[in-house]
Amino acid sequence: MLLSSDIGNVTAPENVTDPYPLYARLRRHSPVHWSEDAHCWLVTRHEDVRRLLSDPGLRSRDKTAQVAAMEPVLRAAIEPVESWLNLWMAFSDPPVHTLLKSPLKQAFTPAAARADSAGLDRLARTLGAGLGPGRHDLLADFAVPFAVRATCSMLGVESAEEPRVLEWSAAVMGYLTSPGFRVAAGEGVTAALRPLRAYLTDELMPRRGSQVAGIMHDLWRTGELTLDQVTALFAQLLTGGIEPVSTAIAVAALGLFADPALVEAVRSGEVRPDAVVAEALRHDASFHFASRIAVHELEVDGHRIAAGAPVKLVIASANRDEAVFPDGERFDPRRPEGAGAALTFGRGIHHCLGRASAVVQIEAAVRALLERPVPPRPAGPGERLPSFGSTAFAAVPFLF
């Protein structure tokens, strides 16, 4: 077993920017590992992560005890944010989780996702048509605009409102991807929540511009959900749509178009585009962790995890576990076992509500790129940003 001193600083810039070498070391030498600097248990093997995602001995992220122990200035900035985050589907347990998730299921069925396919294809082709010959940032010029418009349309956000909404989203994501608690990050979320609440009550929900907006409006007006709960729903659907979809498009494009033989295999039908998307989601999951708290003392691979201890189930590591995905570090849509065992969208009650919608969106973007007469090609590996617990790119240069 490796100690924290052997592993090094889990939150060091090099490990936060590219954590996969760290994950591989942990899987081999310390698959259930206490990290002093991240102050949590890291569980990295597929078998353990898969089982624990559905284990009732773990509950969702709840930092109430940590917040209570903070010094007053920090607590004043963080407490309102953490109380609001406890209302998110991803960070709550039944009965709150059920109350939030059940009404939205009708809007996120596979059939509902497929019903949007034609519009998504048009959007992807329109954005792709704007990429003339030369060098482009695939992320900024294609993947992010596509994910933003697709997600905002689903939520009922009009194009002119996107800059405001994205500003609020950035404040939330900045807080969630920070490895520690910072006064400025907490105050940024609190400042964003005030206008976001007003936007939802005064603009988005009353006009019922999408099925999701209509559902949220009815839940709020009937008193089934509070305004804070509705705001939490909206924020999770927004951040959970834009970031993972745009990242997965970039990962799929980097993996696919770096290999001309693979491009031809997809174009000829030998390899299906959906296999490329599934492999991208396995190979580099946008969100790396499922954060949990031990309800009672647990034993995992011989390690005793105390009640109340924070645990991060490292999905991104599990998705590359050699025991399930031989040569798991390699991007390979042809892998015979496929990517069906990937845990990117979670498992159990906390499986991702928007899974079908995300997959349909990413497939539309990949199809649009494949339809170009001359396939684009990467002009570099993609410039990664340090982002604790997520995959984030500063730029993804491509030649068109």
Express the carbon and sulfur contribution to the solvent-accessible surface of the chain as a percent, rounded to the nearest whole number, probe 1.4 angstrom.
56 percent
Using the Cα gyration tensor of region 266-384, the equivalent ellipsoid's semi-axes, largest first and to the nearest Å, work out to 34, 15, 13
Net lengthening on full extension, ARG197/ARG334 (0.36 nm per residue, minus Cα-Cα):
44.7 nm
Across the chain, where is the longest run that never hits trypsin sites (Lys or Arg not before Pro) in a DSSP loop with at most 15 other C-beta atoms within 10 Å?
1-181
Furthest towards positive pole of dipole, ILE349, LEU254, ALA316, structure part the chain, Cβ charges:
ILE349
Could you pull out every residue, at least 5 positions away or on a different chain, whose amide H is within less than 5 Å of the one on GLY382? Hs are placed 1.01 Å off N in the peptide plane, and Pro or chain starts have none.
none
Mean separation of Cα contacts under 8 Å, 6 or more apart, over the residue count of the chain: relative contact order %:
27 percent
Report the extension gain between ASP18 and ARG272 in nm, rounded to one decimal, defined as 0.36 nm multiplied by the number of residues separating them, less their alpha carbon distance.
88.6 nm
Under a 1.4 Å probe, what is the accessible area of the chain per residue, stated in Å²?
42 Å²
Label-to-label distance, nm, for residues given as GLU383 and GLU47 (7 Å Cα→Cβ offset)
4.3 nm
Output the relative contact order of region 167-270, whole-number percent, from Cα pairs under 8 angstrom with separation of 6+ residues.
20 percent
Helix by helix through the chain, keep the DSSP H runs that span 30 Å or more along the axis on Cα and average at least 1.0 on Kyte-Doolittle, and give those back in order.
227-257
Amide H partners (placed H, <5 Å) of SER286, local residues excluded:
none
For region 158-210 and region 7-72, distance of Cα centres in Å:
27 Å
Here FRET efficiency (C-beta to C-beta, ALA323 to ALA129, R₀ 35 Å, nearest 0.05) is 0.20
Once you place label points 7 Å from the Cα toward the Cβ at HIS296 and HIS351, how far apart are they in nm?
2.7 nm
At 222 nm, what helix-only mean residue ellipticity would the chain give, in deg cm²/dmol to the nearest 500, using -39500 (n - 2.57) for each DSSP H run of four or more?
-15000 deg cm²/dmol
At most 15 other Cβ atoms within 10 Å plus a DSSP loop assignment makes a site exposed; report the longest stretch of the chain without any exposed GluC sites (Glu not before Pro).
37-157
Taking a crude spin-label model, label points 7 Å out from Cα along the C-beta direction, the ALA261 to HIS39 distance in nm is 5.0 nm
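The values are calculated or read from the model by the stated rules, or taken from the named source; none is laboratory data. Note that the structure is a prediction, hence the values are computed from the model and not measured. So basically every Cβ, Gly included, is an ideal-geometry build from the backbone, and we count neighbours across all protein chains shown. Side chains are part of the model used for accessible areas, which takes the heavy atoms of the whole protein and leaves out ligands, DNA and RNA. Shrake-Rupley method; radii C 1.70, N 1.55, O 1.52, S 1.80 Å.
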